[in-house]
Amino acid sequence: MKNIHPLVFLLIATTLEVSGDALVRKALYDHVGLVRLGLMVIGAALLLGYGVSLNLAPLEFGQVVGLYVATLFVVWQVINAIAFRAFPTLPIALGGMLIIAGGLIVIFWKGSH
């Protein structure tokens, strides 16, 4: 697994997390009974997959978190648009650019420790 680029793990993790969260939200607000329970179980499984994928990334935890937050923001916006037909407002887009810039600084800055 060391040959797989860390971004692959992060993209998988963020997709699983955001999809799991979206399913839990849909279950809570849009469904009842067995459908609700089924969606919540699937959402929980996706969230477990997120935790495993994130921790498989061959990076130090501090680096993982920096890039993960940036990746999470982007994937969250994509899933939000697909699942809920909600698109980012200007403040969300501008704030997101800062989040992405921060993640890139954390992962790529090679300054002195």
> Within the accessible area of the range 1-98, what % is carbon and sulfur when the probe is 1.4 Å and the other protein chains stay in place?
Replying inline: 74
>> If you count only protein heavy atoms with a 1.4 Å probe, what accessible area per residue comes out for the chain, rounded to a whole Å²?
In response: 65
> Could you give me the ³J(HN,Hα) list for the range 30-35, computed from phi with Karplus coefficients 6.51, -1.76, 1.60 and θ = phi - 60°, whole Hz, x at Gly and Pro?
Replying inline: 10, 9, 9, x, 5, 5
> Roughly how many Å is it from the Cα centre of the range 1-29 to that of the range 48-102, as a whole number?
Replying inline: 9
> Which order do 84, 9 take by accessible area at a 1.4 Å probe, largest first?
Replying inline: 84, 9
> Peptides 65-71, 91-97, 45-51: what's the order by average Cβ count within 10 Å, highest mean first?
Replying inline: 65-71, 45-51, 91-97
> Which value, in Å³ per residue, describes the convex hull spanned by the Cα atoms of the range 1-87?
Replying inline: 83
> Can you put 76, 109 in order of accessible area, largest first, using a 1.4 Å probe?
Replying inline: 109, 76
>> Show me, for the range 11-16, the HN-Hα J-couplings you get by feeding each phi into the Karplus relation (A = 6.51, B = -1.76, C = 1.60, θ = phi - 60°), rounded to Hz, glycine and proline as x.
In response: 5, 5, 4, 5, 5, 5
>> For the range 11-105, which trypsin sites (Lys or Arg not before Pro) pass both filters: DSSP loop (anything but H, G, I, E, B) and at most 13 other C-beta atoms within 10 Å?
In response: 85
> Roughly what % of Cα-Cα distances in the range 67-111 sit above 18 Å, to the whole percent?
Replying inline: 32
> Does the range 44-100 classify as rounded, prolate or oblate by the C-alpha gyration tensor (a ≥ b ≥ c root eigenvalues; a/c under 1.5 gives rounded; else a/b over b/c gives prolate, otherwise oblate)?
Replying inline: oblate
> Can you run phi through the Karplus equation (6.51, -1.76, 1.60; θ = phi - 60°) for the range 77-89 and list ³J(HN,Hα) in whole Hz, with x for Gly and Pro?
Replying inline: 5, 5, 5, 4, 5, 6, 7, 10, 6, 10, 10, x, 7
> What is the pair-distance distribution P(r) of the range 23-72, computed from all Cα-Cα distances in 5 Å bins starting at 0, with each bin given as a whole percent?
Replying inline: 5, 20, 20, 15, 13, 13, 10, 5, 1
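The values are calculated or read from the model by the stated rules, or taken from the named source; none is laboratory data. None of these values were measured; they are calculated from a predicted model. Cβ coordinates were reconstructed from backbone atoms using ideal geometry, including for glycine residues, and neighbour counts include every protein chain displayed. These accessible areas exclude ligands, DNA and RNA; they are computed on the full protein's heavy atoms, side chains included. Shrake-Rupley method; radii C 1.70, N 1.55, O 1.52, S 1.80 Å.
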